């Protein structure tokens, strides 16, 4: 989750670099959201392929949509302002990335060591959710405030359910759905913006493609 380097979640106008970042962010949210949903199925103990199939349909749809957007925007050049913004905040992004993965790994190890593996989904949900808050500031993406806050609330809120697999299923499902919805919101926006008149021409004449054309 640390590499959710998206610039599209809350900007009023989306530039080329933001379209590329948004596509990558959507792909990561879709992938990790699918992981959480499959984790919920595993906790259910169901041996039936039906539940895996139910998760697989939206997982594949969102992931493929994100991959298509990544491919469509991959040749777009970031503006000087976007490059300057990334250079300014890149250090903070990697700090956030490192803290998230480091804290998540240590927490999972400690909980497993002390025999409280049942708390790992909730702990990771809070850690990953909180990591979205700095990203919202770094990329001025208001959507990430909602994503992070709702993930943390869902993880903590699952404690109203007594200790059981049901609690883990509820927590994992809620977090997975939040990430899926985040991916969907980003994909809808970058698809609409990317297919608009302003970017359609840039997609046709993206750097690399134009240079391959030879004058007649």
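Computed from the coordinates by the stated procedures, all read-outs in this text should not be read as laboratory data. Being a predicted model, the structure only gives us computed values, none of them experimental. Using ideal geometry, Cβ is built from the backbone for each residue, glycine included, and neighbour counts are taken over all protein chains shown.
List of remarks:
- Residue ranges 21-30, 151-160 sort as 21-30, 151-160 when ordered by packing (mean number of other C-beta atoms within 10 Å per residue, highest first).
- Modelled this way, with points 7 Å down the Cα-to-C-beta line, the labels at residue 106 and residue 46 are 3.8 nm from one another.
- Residue separation of residue 164 and residue 88 scaled by 0.36 nm, minus their Cα-Cα distance, works out to 22.8 nm of gained length.
- The alpha carbon radius of gyration of the range 16-195, expressed as a multiple of 2.2 N^0.38 Å, is 1.09.
- Compared with the direct C-alpha span, the chain from residue 71 to residue 54 gains 3.4 nm at full extension, assuming 0.36 nm per residue.
- Estimated distance in nm for a label pair at residue 137 and residue 153, the labels positioned 7 Å out from Cα along Cα-to-Cβ: 2.1
- When the convex hull of its Cα atoms is projected in every direction, mean area for the range 45-87 (nm²): 5.1
- For the range 92-180, the convex hull drawn through the C-alpha positions has a volume of 73 cubic angstrom per residue.
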